[in-house]
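Notes follow once the structure below has been shown.
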Amino acid sequence: MNFLFRTLPMAAAALRRHVMRSALTMLGIVIGVGAVIAMVEIGQGAAREVEAAIASMGSNTIIVLPGNLAAAGVASGSGSAMSLTPGDAHAMADHCSALASVAPIVGARTQVVANGRNWVPERINGTTPAYLEIREWNHMVEGSMFSDADVAALREVCVVGQTVANELFGDESPVGRQLRMNNRPLRVLGVLSRKGANMFGQDQDDIVMLPRSEEHTSELQSHHDL
């Protein structure tokens, strides 16, 4: 204790004699500690962003794609062969007990027209209501998702992402309105909640979903219980 009492006055005197050096030393310590804290926070923030991007795509999702189609010796690439059927989805749901839900998907990309405007969505998916559960699309901003009965009856209905809603209808509500796709009228039932860009930079809100109406599917997505 006596040593401490003797040391403190000596330290205070040294600080008074070298004010500038002492100030620069403290400034260096503050900058160093601040830099370490900032780097840790940036790293943790980046990790949270990556986790959120993965979660937005469905963190426990399995995607099954058909094989590749070759014509005259020229391969069209993975997923070009229309070899998957709704029966494959039913078989996965029936025989894979670890799967919480399965959704067949028919993918397309074409122009949609409504309200005197036109737009080409990033994706147009023919699918089933289970797709929302698989992709962890928790709720609708307005309206509702089409039902299994709509899929069975092949009703001319759809739901849209917020990018499509904004491009075609602006500030107006699209629910109950009609859009046309390849001269096919579709009544808008609801608007999906916003998901933003995925980890590949694709706008997940630039989408139209409608009841699957094709014999074959372009992919199968399933939600796996972890």
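Listed values, structure above:
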{"quantity": "Residues of segment 127-175 satisfying the condition of being open to solvent by less than 10 Å² (accessible area, probe 1.4 Å) and within 18 Å of Val102 (Cβ to Cβ)", "calculated": "Thr127, Tyr131, Ile134, Phe146"}
{"quantity": "Verdict on Gly87 being more than 25 Å from Pro129 (Cα to Cα), of a type in the set (Gly, Ala, Ser) and at pLDDT 75 or above", "calculated": "no"}
{"quantity": "Among (1) loosely packed, with under 12 Cβ neighbours inside 10 Å; (2) closer than 30 Å to Asn138 by Cα; (3) aliphatic (A, V, I, L, M); (4) modelled with pLDDT of 75 or more - the single one Ala35 does not satisfy", "calculated": "(2)"}
{"quantity": "Selection within segment 113-170 - modelled with pLDDT of 90 or more and aromatic (Phe, Trp, Tyr)", "calculated": "Trp119, Phe146, Phe169"}
{"quantity": "Close pairs (6 angstrom Cβ cut-off, 6 or more residues apart or separate chains): part of a strand (DSSP E or B) in segment 196-209, acidic (Asp, Glu) anywhere", "calculated": "Ala197/Asp203; Asp203/Glu122"}
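The values are calculated or read from the model by the stated rules, or taken from the named source; none is laboratory data. A quick note: this is a predicted structure, and the numbers were derived from the prediction, not measured. A quick note on method: Cβ atoms are made from the backbone with ideal geometry, for glycine too, and the neighbour counts reach across all protein chains shown. Surface accessibility is based on the protein's heavy atoms, side chains included, excluding ligands, DNA and RNA. Shrake-Rupley method; radii C 1.70, N 1.55, O 1.52, S 1.80 Å.
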